[in-house]
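K.L.:
Quick one: this structure, given as structure tokens, is what I'll be asking you about.
The values are calculated or read from the model by the stated rules, or taken from the named source; none is laboratory data. All values reported here derive from a predicted model rather than from experimental measurement. Cβ placement follows ideal geometry from the backbone for every residue including glycine, while neighbour counts extend to all protein chains displayed. SASA here: full protein model, heavy atoms, side chains in, ligands and nucleic acids out. Shrake-Rupley method; radii C 1.70, N 1.55, O 1.52, S 1.80 Å.
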Amino acid sequence: MEKLSVDDYFRLPESLRPMELIWGQVREPPAPKYGHQSAVTHLGALLDRHVRERGLGEVCVSPVDVVLDRAAALVVQPAIVFVAAAHRDGIKDRIWGPPDLVVEVMSRGTARRDRTTKLAWYARYGVGECWLIDVAYRFIEVVDLRTEPSPWTRYTGDVLVRSLVLPEWTATPKEIFG
């Protein structure tokens, strides 16, 4: 299969299906299941309200392209992204460069890739923090990507999720999962 450039990828027809460009190859996983989308909807709304009320930046839910490396043709679509006000200049028709926070909602089919490959890309390209959401087991893992090794903290139930990127964040997994 012929490798695509980022420009070639962006000339493809617009789609609401999940789609990423990984080292020049288009990856099209099946649409997420209901539980995944429900978690994205709830968390996205909570994050958006939190960020807007404080004027912290922008929140967007997938599908939105995040160009991590134009030359290497690496474009991902995290479930949710937060771009701080200081980095808004990276938001154009897509997000060019690393968001401050990415959220990945894991499934049986994506958990290994989310925890290894994608987390490594996010750390390498300068994403500050990643939240890994497990809908089946109802937990949130917050990974600080600004230090190495990256510390992980798991949150469940009524425990407040702590974020270094959003230090005033006060929601719990119970609120997010409903």
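K.L.:
Need pairs with beta-carbon distance below 7 Å; first residue open to solvent by 100 Å² or more (accessible area, probe 1.4 Å) and within the range 141-168, second assigned to a strand (DSSP E or B) and of a type in the set (Ser, Thr, Tyr); sequence gap 6+ or separate chains.
P.N.:
162/153
K.L.:
Among (1) open to solvent by less than 10 Å² (accessible area, probe 1.4 Å); (2) in contact with a helix residue (DSSP H, G or I) (Cβ under 7 Å, 6 or more places away or on another chain); (3) touching a residue at least 60 places away in the same chain (Cβ under 8 Å), there is one condition residue 21 misses while meeting the rest; what is its number?
P.N.:
Unmet for residue 21, out of (1) open to solvent by less than 10 Å² (accessible area, probe 1.4 Å); (2) in contact with a helix residue (DSSP H, G or I) (Cβ under 7 Å, 6 or more places away or on another chain); (3) touching a residue at least 60 places away in the same chain (Cβ under 8 Å): (3).
K.L.:
With the checklist (1) surrounded by fewer than 16 Cβ atoms within 10 Å (Cβ to Cβ); (2) under 17 Å from residue 10 (Cβ atoms); (3) within 15 Å of the chain's Cα centre (by Cα) in hand, flag the one item residue 74 doesn't pass.
P.N.:
(1)
K.L.:
For the range 111-125, does any single residue satisfy the condition of being open to solvent by less than 40 Å² (accessible area, probe 1.4 Å), modelled with pLDDT under 95 and part of a loop (DSSP other than H, G, I, E, B)?
P.N.:
no
K.L.:
Also, quick follow-up: Any residue at all in the range 56-71 that is farther than 29 Å from residue 5 by Cα, open to solvent by 30 Å² or more (accessible area, probe 1.4 Å) and at pLDDT 95 or above?
P.N.:
Checking the range 56-71: at least one residue is farther than 29 Å from residue 5 by Cα, open to solvent by 30 Å² or more (accessible area, probe 1.4 Å) and at pLDDT 95 or above.
K.L.:
Further question: Being assigned to a helix (DSSP H, G or I) and among the β-branched types (Val, Ile, Thr), is that true of even one residue in the range 46-57? Walk me through how you get there before you give the answer.
P.N.:
At the first step, the residues of the range 46-57 found to be assigned to a helix (DSSP H, G or I) are 46-54.
Next cut, among the β-branched types (Val, Ile, Thr) only: 51.
Yes, the range 46-57 contains at least one residue that is assigned to a helix (DSSP H, G or I) and among the β-branched types (Val, Ile, Thr).
Yes/no matrix, rows are residues, columns are (1) loosely packed, with under 12 Cβ neighbours inside 10 Å; (2) farther than 18 Å from residue 85 by Cα; (3) out of contact with any Asp or Glu (no Cβ under 7 Å at 6 or more places or on another chain):
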| site | (1), (2), (3) |
| --- | --- |
| 2 | yes, yes, yes |
| 13 | yes, yes, yes |
| 25 | no, yes, yes |
| 37 | no, yes, yes |
| 44 | no, no, yes |
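K.L.:
Check residue 136 against each of (1) modelled with pLDDT under 95; (2) of a type outside the set (Asp, Glu); (3) under 22 Å from residue 51 (Cα atoms) and name the one condition it does not meet.
P.N.:
Tallying (1) modelled with pLDDT under 95; (2) of a type outside the set (Asp, Glu); (3) under 22 Å from residue 51 (Cα atoms), residue 136 fails exactly one: (3).
K.L.:
Among residues belonging to the range 1-30 that are of a type in the set (Ser, Thr, Tyr) and within 19 Å of residue 70 (Cα to Cα), point out the one that is farthest from the chain's Cα centre (by Cα). Explain how you work it out, then say what you get.
P.N.:
Of the residues in the range 1-30, the ones of a type in the set (Ser, Thr, Tyr) are 5, 9, 15.
Cutting the leftovers down to within 19 Å of residue 70 (Cα to Cα) gives us 5, 9.
On the way: 5: 22, 9: 20 Å.
This residue is 5.
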